[in-house]
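Values in this text are rule-based calculations from the coordinates and carry no lab data. Just so you know, these numbers come straight off a predicted model, no measurement behind them. Heads up, the Cβs are rebuilt from the backbone with ideal geometry, glycines too, and the neighbour counts pull from every protein chain shown.
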Amino acid sequence: MSEAKAKADPRDRRVDAAEKIAGQTRYIRDDVLPGMWYGTTVRCPHPRAKILGIEFKTDFDWSAVAVVTARDVPVNYVAMPENDMPFLADRIANYAGEPVALIAAPTRDLAERARQFVSVAYEPLPALFDMLESERSDVRIFKESNVFKDILIEKGTLDTARRDAEAAVELECSTGYQEHLYLEPQGVVAVPEGERITIRGSMQCPFYVRKALITLFDGRKHITVIQAPTGGAFGGKEDFPSLLAGHAALLADKCGRPVAMFYEREEDVQVTTKRHPSHHRDKAYVSRDGRLLGLDLDFRFDGGAYCTLSSVVLARGALAACGSYYVPHARVHAKAVATNAVPSGAFRGFGGPQTIFAMEMLMEKIALDLKLSPARVREVNLISEGQTTATDQLLRYSVSARETFQDVIARADYHRKYPEYKRDNAPLLDRLRRGVFPKAHSSDVLRGIGVSSWLHGAGFTGTGENRITGTVRVGLSDEGRPVVYAASTEMGQGEQTAFRLILGDALGIDPAQVIVAEPNTDLVPDSGPTVASRTTMIVGSLLVDAATDLIERLRMRLEESGEGDCRYEKGVFRSSRGETPFVDAARRFHDVMVEKQYHHPPFIQFDDVHYKGDAYPVFAWGAAVAELEVDAVTFETRVTRYTTTQDVGKAINPDQVVAQIEGGTLQGIGYALYEKAQLKNGRFDVTGFSDYIIPTVTETPVFDVKIWENPYPYGPFGAKGLGELPFVGAAPAVVSALWMIFERPFTGIPVLPEDIARLFMNKESSEP
């Protein structure tokens with residue numbers, strides 16, 4: 001086990017950085033094709049309504065545009081886990097903003113003008129916005145019960161925990177929507193070419209889009225999908241591009257011209273997927289020293305009007321619900337339910353941030369009720385190698401819950417600062433509680449320090465990776481450079497750089513020699529979607545295996561050509577006849593190609609029905625201490641310092657690892673303190689950067705990041721998944737600091753200044 005720090009190594013520079021910094025990268029909106037038309041969407045204004053009819057007013061020249069309605073759609077559902085979401089609403093629209101019709105025209109202005117001449121008659125229907133009410137309601141949005149997915153995980157016997165417990169601690173909490181707010185809004189272009197339709201767009205998962213469009217056209221079209229440079233995604237471009245690409249393809253097929261579907265920011269915010277809101281009712285059975293004897297966790301995720309990825313998100317949430325703690329007896333009951341809201345979808349950590357937040361707040365409540373240190377309550381419960389999770393998964397290797405936690409507590413000087421901040425806050429808190437409010441003095445701040453510990457399963461849940469059987473191909477260019485063929489996409493996370501480093505190191509050559517092919521579904525195999533912190537760990541491991549086979553095949557070809565017995569060391573084939581650098585051998589035998597398909601190690605077994613066994617091949621681990629200040633006049637909260645230790649197995653590129661940790665953390669701070677979106681009659685009350693508040697450089701704390709390396713034996717050079725890990729634990733650490741200051745539960749996020757102010761409501765006096 002070792003520590004790694006970021007280093008300035010020229011090899012580690014991001015290969016796409018220079019073009020992006022110089023503004024030379026061409027995104028999908030830069031692709032203006034000859035004769036391209038522009039599409040727009042007619043949307044339902046009601047959260048739930050019956051569609052009585054669509055009228056195209058006669059005082060508009062409809063021959064100048066192309067129109068698509070539900071009756072023009074060959075197979076009207078987006079291929080996803082439940083196949084319940086239509087490309088265009090037919091008889092019933094289930095959320096405000098649901099697509100009802102599509103229009104394409106030679107210019108954006110004409111398309112928008114045409115939309116004004118479409119009149120849709122609706123009969124509004126009762127709508128459901130409360131996830132708890134939806135489960136009980138007679139109004140049906142989804143099948144017979146409004147429940148997309150119901151998961152029950154049981155370990156041991158809760159009756160034993162109840163009997164042995166010295167205390168029972170309960171907590172009800174919730175999390176809200178979160179908007180992805182990627183820099184580049186959704187956008188695709190569809191190009192019709194006879195029986196082929198080519199899609200090029202901003203996306204994470206080209207083969208998801210391909211499958212959805214093959215289904216849409218009932219297999220009668222050849223579908224080619226190419227990922228364009230993508231300006232951010234965070235999960236928001238995992239499933240939604242399938243819907244948008246379908247719209248563009250339908251219009252392109254109708255008008256016979258390329259069609260672009262480009263969302264502006266407000267439309268993107270209003271109708272694309274968000275992080276699932278959640279509601280939790282949790283109970284812990286504990287000993288007097290805070291040790292967990294049993295957990296009874298019950299929660300709901302709001303999936304919105306259609307299932308999309310709710311079943312997948314719920315599964316990860318359920319599997320993460322017990323956090324990084326050992327619990328001998330547990331019951332986790334989770335449901336994803338339907339409401340008449342914009343469908344929820346994948347978002348960095350998908351499911352984990354909600355349930356880890358709830359679990360960490362339950363640990364805070366245990367500490368508060370039993371008058372124990374929040375750090376101590378966590379430390380006595382941290383899971384270790386050789387123990388089992390709630391699914392009875394035996395943790396065989398690479399377990400760093402205790403090590404990361406103890407390291408971050410020491411580095412942040414938590415045990416000294418906690419009582420010091422308590423003591424310093426006491427006089428000001430006393431005045432606030434008595435209604436004596438200070439004037440705006442710079443010293444009138446309350447300081448808090450909070451802590452969190454968490455885990456994140458790397459790769460797809462359960463048997464997911466074995467079902468996907470992700471495939472990678474490595475070939476050789478005419479110049480002898482290795483070429484990576486994979487569907488994995490670059491969306492700002494550094495995938496292209498990581499692939500070059502992994503394959504370059506595995507071959508013993510300069511990573512700059514490695515070429516990463518464009519993600520084009522006609523040219524690359526399906527390596528699986530770029531989600532779930534799987535790309536480096538899963539696809540990277542295939543690249544290492546492919547490198548071994550590539551070296552062996554080149555060695556054999558050299559020996560067959562008369563070079564004598566060869567051995568390979570550090571990029572060179574050596575024999576009694578001399579030395580042949582890799583590039584020379586590859587140039588001679590550039591027809592050599594290797595393909596590798598992923599399967600879990602055979603001992604990884606999971607029961608997807610009963611949720612028993614190895615939920616993930618390995619977990620990544622993190623711990624953090626957040627320090628913050630609360631202004632005693634405005635109650636604005638600012639995180640001042642964030643100390644974190646995160647186990648990523650092996651840092652393939654330490655610079656990028658640190659950048660991911662800092663970026664993911666800042667996004668988690670926004671989830672905790674700033675980012676609020678609410679529904680008003682089914683519509684979100686935010687439109688974009690002007691009213692949806694995210695942390696910026698002025699809200700960025702001082703970061704103290706330490707990379708912990710506890711290698712995963714089946715990852716590339718020991719690497720595990722990283723991308724989502726930093727986000728998951730940030731909000732709990734921040735809100736833990738608020739519990740510390742006010743000694744009161746904060747059970748919902750985001751925590752806004754007005755939420756803190758309510759603690760002192762009906763206090764009218766102020767300092768002279």
Using only the alpha carbons of segment 376-461, determine the length spanned along each of the three principal axes and report them from longest to shortest in whole angstroms. 56, 26, 20
For segment 618-704, alpha-carbon Rg and Dmax in angstrom: 15.9, 48
Between the modelled labels at ARG744 and TYR122 (7 Å from Cα along Cα→Cβ) the distance in nm is 4.0 nm
I'd like the trypsin sites (Lys or Arg not before Pro) in segment 319-372 restricted to DSSP loop residues with at most 11 other Cβ atoms within 10 Å, sorted by number. LYS371
Write down the percent of antiparallel bridges among all DSSP beta bridges whose residues are both part of the chain, to the nearest 5. 80 percent
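If you average the sequence gap of Cα pairs under 8 Å that are 6 or more apart and divide by the length of segment 464-599, what percent do you get for the contact order?
Computed value for segment 464-599: 36 percent relative contact order.
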In whole Å, what are the Cα extents of the chain along the three principal axes, biggest one first? 84, 81, 53
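Please report the relative contact order for the chain, taking Cα pairs under 8 Å with a sequence separation of at least 6, and give it as a percent rounded to a whole number.
16 percent
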Determine the principal axes of the Cα atoms in segment 5-122, then give the extent along each, sorted from largest to smallest and rounded to whole angstroms. 64, 37, 25
Using only the Cα atoms of segment 129-288, what semi-axes does the equivalent ellipsoid have when each is the square root of 5 times a gyration tensor eigenvalue? Give whole Å, largest first. 44, 18, 16
Where Rh is the Kirkwood radius over Cα pairs, Rg/Rh for segment 14-73: 1.19
Segment 195-337: Rg/Rh from Cα coordinates, Kirkwood Rh? 1.16
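What number do you get for segment 521-587 when its Cα radius of gyration is normalised by 2.2 N^0.38 Å, N = residues?
1.46
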Where nothing but the Cβ of Lys and Arg (+1) and of Asp and Glu (-1) is charged, how large is the charge dipole of the chain around its Cα centre, in debye to the nearest 20? 560 debye
Rg(Cα)/(2.2 N^0.38 Å) for segment 324-441, N = residue count: 1.45
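Using only Cα atoms, what is the ratio of the radius of gyration of segment 464-599 to 2.2 N^0.38 Å?
So the Cα radius of gyration is 1.06 times the expected 2.2 N^0.38 Å.
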Mind listing which trypsin sites (Lys or Arg not before Pro) in segment 560-641 are in a DSSP loop and have 15 or fewer other Cβ atoms within 10 Å? LYS570, ARG577
Residue among ASN340, GLY663, TYR414 farthest towards the positive dipole end of the chain, charges placed on Cβ: TYR414
Value of relative contact order over segment 249-393, rounded to a whole percent, pairs C-alpha under 8 Å and six or more apart: 27 percent
Helix-derived [θ] at 222 nm for the chain: sum -39500 (n - 2.57) over DSSP H runs of at least 4, divide by residue count, nearest 500? -8500 deg cm²/dmol
Highest average packing first - 386-396, 523-533, Cβ atoms within 10 Å: 523-533, 386-396
Out of the trypsin sites (Lys or Arg not before Pro) in segment 407-509, which ones are loop residues according to DSSP with at most 13 other C-beta atoms within 10 Å? ARG434, LYS439
Pairs to check: LYS365/LYS422; LYS274/LYS365; LYS155/LYS650; LYS143/LYS254; LYS274/LYS335. Give those whose C-alpha atoms are more than 23 Å from each other in this structure. LYS274/LYS365; LYS155/LYS650; LYS143/LYS254
